[in-house]
Amino acid sequence: MLDPRRLRTDLAAVKAGLARRGLDLAEIDRAADLEARERALKAEVEGLRARVRVLSKEVGQARRTGDTAAADALAAESRALGEQERVIDGEAAALASALRDILLVTPNLPADDAPDGASEHDNVVVRTEGYDAGAYAAHQRVPHWEVGATLGILDMERGAKLSGSMFPMFRKQGATLVRALCQLALDRNADAFEEIRPPSLVRTDTMVSTGHLPKFVDEGYHLERDDLWAIPTAEVPLTSLARDEILAEADLPMRLMAYTPCFRREAGAAGRDTRGLLRVHEFDKVEILAYATPEQAAEVHADLVARAEGSLRALGLAYRVLDLCAGDLGGSSRRTFDLEVYAPGCDMWLEASSVSWFGDYQARRANIRYRPAEGSGTHMVNTLNGSALAVPRVWAAVVETHRQPDGSVALPEVLWPYFRGARSITG
């Protein structure tokens, strides 16, 4: 969340940044008022505590000199001030809670170099790689749900029978392709990233740390009996790996990666295209994430983007890189580059990765700090993350792009080691 101190030291910049997101600023004005009132009450509490400490010494001195009346009077004054302190401290705590409630749903400030804009229509296409609309033949213009059904590698009907709509089931070489894509992403990033296999269920405070709660409560799968959440992305547990810890600057940037299943209700998907793998409730993904100092963040961000791009190139897919405008940024992000793959059968650009820099927004929620090599004190880390590879849409793009005239799917060479000697998907 935002540093509450900025509400008094840099309020104009905070409001200007949030205005770029198109937000109503009334709540920020309310937050600034709450912060000022809480600070004033805390100063009053400290003053009362200081006076009580003085009175305590005076009571002891009076008793030592035998002035019982004076000691009793001073003790009575101390008790009265102590009660007043407790009342005011409670009022300050209530204000602090109200302030935190506002800040927990207040998004991050866009980076200065994030493009202006109100919606996804204002995102900037930075570059397009490998795309030629006229280069796709008729056999590549078949949507993946038809290819999958014909080859028997994607069974949406039985997935729905088992779990409901938007829960896909992969079969035979379709299931192998899921595993192969994840292993490819892990192998390509193993040079610099520590592999983690985190739990798939996490506590509420773990979801709060990334900004998924309370804002996206309707998008999550909540196990009420145990108060656990099915993770929507490995970003959630990886971000909290160092929660409430102090890292050494020498250990930064710290790079982590994880394969996990991901679960999302897609509650806002009504009326949107949900055919095939375009929108699903459960999918596999490899996430790459880093803790960094502010000075390291830009270089780390560029590296995460390059790694996500590299996997798409290795798979022989056309893709484009989008610089998200301020109005389309995720709530926790300061700057995001989306990678979209082209699926010729759907004739759609499909989001395959979001690579984001969060500044210290998530670290402040998770209380992740680092101790500088020189100087004193501690500082909040910066967090960054991205999808090294998210299966459903990449799976769709691979199947459509590499479909052959005979209906089979030629496998990109980078996937051969994972297919038990097969070079194509034949059903």
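The values are calculated or read from the model by the stated rules, or taken from the named source; none is laboratory data. These numbers were taken from a predicted model, which means no experiment stands behind them. We place every Cβ from the backbone using ideal geometry, glycine too, and count neighbours over all the protein chains shown.
Checked against (1) assigned by TED's automatic domain parsing to the domain that holds residue 51; (2) surrounded by fewer than 19 Cβ atoms within 10 Å (Cβ to Cβ), residue 95 meets all criteria but (2). Is the stretch 188-208 home to any residue that is in contact (Cβ under 8 Å) with a residue 24 or more places away in the chain, more than 25 Å from residue 1 (Cβ to Cβ) and assigned to a helix (DSSP H, G or I)? Yes: the stretch 188-208 contains one or more residues that are in contact (Cβ under 8 Å) with a residue 24 or more places away in the chain, more than 25 Å from residue 1 (Cβ to Cβ) and assigned to a helix (DSSP H, G or I).
Yes or no: residue 212 in the same structural domain as residue 380 (by TED's automatic domain parsing) and in a strand (DSSP E or B)? Judged against the criteria, residue 212 is not a match. Counting only residues that are in contact with a Pro (Cβ under 8 Å, 6 or more places away or on another chain) and in a loop (DSSP other than H, G, I, E, B), the stretch 217-258 holds 3 of them. Is it the case that residue 162 is in a strand (DSSP E or B) and more than 19 Å from the chain's Cα centre (by Cα)? Against the criterion (in a strand (DSSP E or B) and more than 19 Å from the chain's Cα centre (by Cα)), residue 162 does not qualify. Scanning the stretch 137-166 for residues being crowded, with 17+ Cβ neighbours inside 10 Å and not small (Gly, Ala, Ser) gives a total of 12. Checking each residue in the stretch 78-128 for being basic (Lys, Arg) and over 23 Å from residue 383 (Cα atoms) picks out 79, 86, 127. The residue that is nearest to residue 211 (Cα to Cα), among those in the stretch 74-92 that are loosely packed, with under 14 Cβ neighbours inside 10 Å and not basic (Lys, Arg), is 90.
Name the pairs whose Cβ atoms lie under 8 Å apart, with the first residue in the stretch 153-169 and within 16 Å of residue 392 (Cα to Cα), the second modelled with pLDDT under 95 and of a type in the set (S, T, N, Q), and 6 or more positions between them or separate chains? Partner pairs satisfying both residue conditions: 165/274; 166/274. In the stretch 215-233, is there at least one residue being closer than 28 Å to residue 302 by Cβ, at pLDDT 95 or above, of a type outside the set (Val, Ile, Thr) and out of contact with any strand residue (DSSP E or B) (no Cβ under 6 Å at 6 or more places or on another chain)? Looking for residues that are closer than 28 Å to residue 302 by Cβ, at pLDDT 95 or above, of a type outside the set (Val, Ile, Thr) and out of contact with any strand residue (DSSP E or B) (no Cβ under 6 Å at 6 or more places or on another chain), one finds none in the stretch 215-233, hence no. State all residues of the stretch 45-66 that are out of contact with any Gly (no Cβ under 6 Å at 6 or more places or on another chain) and surrounded by 15 or more Cβ atoms within 10 Å (Cβ to Cβ); if no residue qualifies, say none. Answer for the stretch 45-66, where residues must be out of contact with any Gly (no Cβ under 6 Å at 6 or more places or on another chain) and surrounded by 15 or more Cβ atoms within 10 Å (Cβ to Cβ): 45, 48, 51, 55, 58, 59, 62, 63.
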